[in-house]
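The values are calculated or read from the model by the stated rules, or taken from the named source; none is laboratory data. Because the structure is a prediction, the values reported are computed rather than measured. Note: ideal-geometry Cβ built from the backbone for every residue, glycine included; neighbour counts use all protein chains shown. Remember, those area values only see protein heavy atoms, side chains included, never the ligands or the DNA or RNA. Shrake-Rupley method; radii C 1.70, N 1.55, O 1.52, S 1.80 Å.
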Amino acid sequence: MIIVLLVIAVIIVVMGISIHNKIIASYNSAQRAWADVIAQERQKNKILPELERIAEQYKIHESSVLNGITELRTALKGLSSESVDVAQLKEAQLKTRSLINNLYAVSENYPDLKASTIYANLMKEIAEQQDNIGAAIRIFNSNVADFNTGIEVFPNSIINNNFTKKQKLNVFSDSEAAQGFEYKPNF
């Protein structure tokens, strides 16, 4: 009889230790998932200003090329086939040379000079960063739900209340986004 009681006591202790360890592992998973959310947000906050700066540089260079083309077009319109105006021709040649030099310089620095593509890529990167953050939040909330369930179910709640003493974690929520729904769950 004593052996049976001893075996039952050992089983209870082993189960208690196992439950305690599962609660701690689940808690640590929730912490790690939150750290991933922060890491995604940090990455977005680091990369977006750099992308904006690059897009702005492309825009400035592309704008200078467009201004050069407009000036050259204006100078060429001033030329007439009926009369020869050397000064206007010289001005058009100077503008042509300036534009070509500018195009060479810009194409060497920026071989794929397409601001609209850059902005489209910037918007795509912003959307991707937001999707990554959303995914990290969903993973975090899943880990929080697993942890909260783990400390509330029987017999885990007994081990948690007497030994581990972990509190329920709050899931991430966005009150602004929640206001967009008419439905409100009753919990």
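Per-residue answers, yes or no, for (1) closer than 27 Å to L169 by Cβ; (2) assigned to a helix (DSSP H, G or I); (3) open to solvent by less than 70 Å² (accessible area, probe 1.4 Å):
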| position | (1), (2), (3) |
| --- | --- |
| L5 | no, yes, no |
| A9 | no, yes, yes |
| M15 | yes, yes, no |
| S18 | yes, yes, yes |
| N21 | yes, yes, no |
| I24 | yes, yes, yes |
| W34 | yes, yes, no |
| Q40 | yes, yes, yes |
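Residues that are in contact with a Gly (Cβ under 9 Å, 6 or more places away or on another chain), modelled with pLDDT of 80 or more, loosely packed, with under 15 Cβ neighbours inside 10 Å and farther than 30 Å from E41 by Cα: does the stretch 145-159 have at least one? The answer is yes, given that some residue of the stretch 145-159 is in contact with a Gly (Cβ under 9 Å, 6 or more places away or on another chain), modelled with pLDDT of 80 or more, loosely packed, with under 15 Cβ neighbours inside 10 Å and farther than 30 Å from E41 by Cα. The residues of the stretch 160-177 that are assigned to a helix (DSSP H, G or I) and open to solvent by 50 Å² or more (accessible area, probe 1.4 Å), listed by number, are N161, N162, F163, S175, E176, A177.
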